[in-house]
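**Student:** First the structure, which I've put down as structure tokens, then a few questions once you've had a look.
The values are calculated or read from the model by the stated rules, or taken from the named source; none is laboratory data. What you are looking at is a predicted structure, and each value in this text was computed from that prediction instead of being measured. Only protein heavy atoms, including side chains, enter the accessible area calculation; ligands, DNA and RNA are left aside. Shrake-Rupley method; radii C 1.70, N 1.55, O 1.52, S 1.80 Å.
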Amino acid sequence: MALSKQVQAYGKPYLKTYKAMFAAIKEFDKIVVFRHIKPDFDAMGTQMGMVQWIKDNFPNKEVHFVGDNHVSFTPRLFPETEELSEEWFKGNNFLAIVVDVGDTSRIADPRFENAKKIIKIDHHPCKAEIAPGLTVCDLDAAAAAEVAVDFLLHCKGTVISKEAARHFYIALVGDSGRFLYSSTSPHTLAIAQALLDAGIDISQIYLAMYEKTIQSLKNQAYVLGHFSVSPHGVAYYTLSKEVQEELHITPELGKENVNLFSNIAGINAWCSITEDPNPKDYCWRISIRSKKKDISGIANKWEGGGHAQASGAKIKDLTELDAFIADLDALFVEE
Ligand code: AMP
């Protein structure tokens with residue numbers, strides 16, 4: 001299939017890397033695809049899309065995927081993660097493909113380090129490169145899936161099946177906020193077009209991604225009844241462990257309703273602040289979203305990181321909440 005104008009132009013600076021990445025995939029009989037901890041649509045969709053693409057185009061290769069499960073996406077949208085034994089990783093004769101994660105500490109399974117070769121496909125800033133020469137990372141891409149599919153479209157003689165396209169489309173839609181965020185570009189839509197060309201059923205996909213339960217409606221009602229707004233338009237809500245129990249949610253689902261505040265006049269940024277009682281890393285996890293301004297600097301300052309309009313951070317307990325909100329609020333003094 002001929003490449004669209006956007007895909008041709010986008011891939012140009014990466015052609016050498018794409019070639020080396022494709023050669024690495026062909027070279028190895030054993031491949032494991034890794035994603036980030038606390039996976040989202042993009043992490044899981046890009047991971048499973050890559051796994052499916054390898055299965056479709058190289059049926060004789062052994063391909064696996066690892067990482068923690070998601071409380072509601074698995075097994076509803078994506079298969080349960082695989083448990084690979086220590087034995088399997090011995091010998092190190094495998095290729096690791098790491099998707100949607102920049103920093104090694106956020107890769108969901110540290111055994112990517114055992115790989116003979118590593119490929120990285122991402123759209124996050126990172127502190128140290130794990131796959132020199134075999135990395136494609138575009139900070140402006142709406143999703144890691146946008147970068148991954150561009151690469152795959154350049155792999156001559158291969159196909160993107162309907163099943164692989166479904167995974168990638170979930171990833172693309174998830175991280176671009178259904179093409180609402182400013183990271184959506186003509187190239188993002190060209191990738192969406194290529195995935196639609198594979199014959200996916202988008203209404204079925206949206207139903208599976210966004211179907212709500214009656215309990216989740218009650219949770220929205222709780223959030224709408226308990227949020228605060230700072231002087232310069234930062235909306236936020238907190239979910240303590242006790243409230244999570246009352247709402248029947250786990251810390252992973254605390255951010256589920258954050259985008260209720262996404263299109264409200266006078267609200268410039270919005271956050272969910274969720275107690276994570278995990279004794280190994282007790283903290284309150286913050287998901288930050290912003291209408292226009294880049295909030296990633298504030299996220300970096302508060303033990304996190306991410307993108308201009310969507311980042312994650314942490315505070316150690318609620319005594320830090322006012323200082324965190326004041327930092328974010330200060331971004332919008334001129335608004
Ligand atoms: P979340 O609010 O968890 O959906 O995260 C929004 C974005 O910020 C995602 O792209 C995450 O990968 C990224 N992110 C969240 N937490 C962190 C962190 N601690 N360090 C770096 N990036 C993060």
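**Student:** So what is the 222 nm mean residue ellipticity for the chain from helices alone, if each DSSP H run of at least 4 adds -39500 (n - 2.57) and you divide by all residues, rounding to the nearest 500 deg cm²/dmol?
**Tutor:** Computed mean residue ellipticity for the chain: -10500 deg cm²/dmol.
**Student:** For region 86-110 and region 147-177, what is the separation of their Cα centres, given in Å?
**Tutor:** Region 86-110 and region 147-177 have Cα centres spaced 21 Å from each other.
**Student:** Further question on the same structure: Of the candidates L207, L321, L84, which one comes out as most mobile in a Gaussian network treatment of the chain with C-alpha springs shorter than 10 Å?
**Tutor:** L207
**Student:** Could you count how many Lys pairs in region 256-335 have their Cα atoms under 17 Å apart, skipping same-chain pairs fewer than 8 positions apart? List each step's numbers first, then the result.
**Tutor:** Numbers: K280/K314; K280/K316; K293/K301; K301/K314; K301/K316.
Step by step, the pairs that qualify in region 256-335 add up to 5.
**Student:** Can you list the lysines whose alpha carbon sits under 18 Å from that of K30, skipping same-chain ones fewer than 8 residues off?
**Tutor:** Cross-link targets: K55, K61, K90, K116, K117, K120.
**Student:** Still on this model: Among the lysines, which fall within straight-line cross-link reach of K212, defined as a Cα-Cα distance under 16 Å, with same-chain neighbours fewer than 8 residues apart omitted?
**Tutor:** Correct list for K212: K255.
**Student:** Can you tell me the accessible area per residue over region 5-209, all protein chains present, probe 1.4 angstrom, in square angstrom? Provide the component values of the computation, followed by the final result.
**Tutor:** Numbers: 8960 Å² over 205 residues.
Per residue, region 5-209 has 44 Å² of solvent-accessible surface.
**Student:** Shifting gears a bit: Using a 1.4 Å probe on the protein heavy atoms, what percent of the accessible area of the chain belongs to carbon and sulfur?
**Tutor:** Summing carbon and sulfur atoms, their accessible area is 53 percent of the total for the chain.
**Student:** Of all DSSP beta bridges in region 5-209, what percent run antiparallel (nearest 5)?
**Tutor:** 5 percent
**Student:** Hey, another quick one. How much solvent-accessible surface does D327 expose, in Å² to the nearest 10, with a 1.4 Å probe and all protein chains in place?
**Tutor:** Approximately 40 Å² for this residue.
**Student:** First check a/c for region 144-298, with a ≥ b ≥ c the square roots of the eigenvalues of its C-alpha gyration tensor; if it is under 1.5, answer rounded, and if not, answer prolate when a/b is larger than b/c or oblate otherwise.
**Tutor:** Taking the square roots of the gyration eigenvalues as a ≥ b ≥ c, region 144-298 is prolate.
**Student:** GNM on the chain, C-alpha springs below 10 Å: top fluctuator among W284, W53, W88?
**Tutor:** Maximum fluctuation in the GNM of the chain, among the listed residues, is at W88.
**Student:** Across every pair of different alpha-carbon atoms, what Kirkwood hydrodynamic radius in Å does region 114-223 reach? Working shown, then result.
**Tutor:** Numbers: mean 1/r = 0.0637 Å⁻¹.
When all Cα pairs of region 114-223 are included, the Kirkwood radius is 15.7 Å.
**Student:** Per residue, how big is the convex hull around the C-alpha atoms of the chain? Give it to me in cubic angstrom, could you?
**Tutor:** 139 Å³
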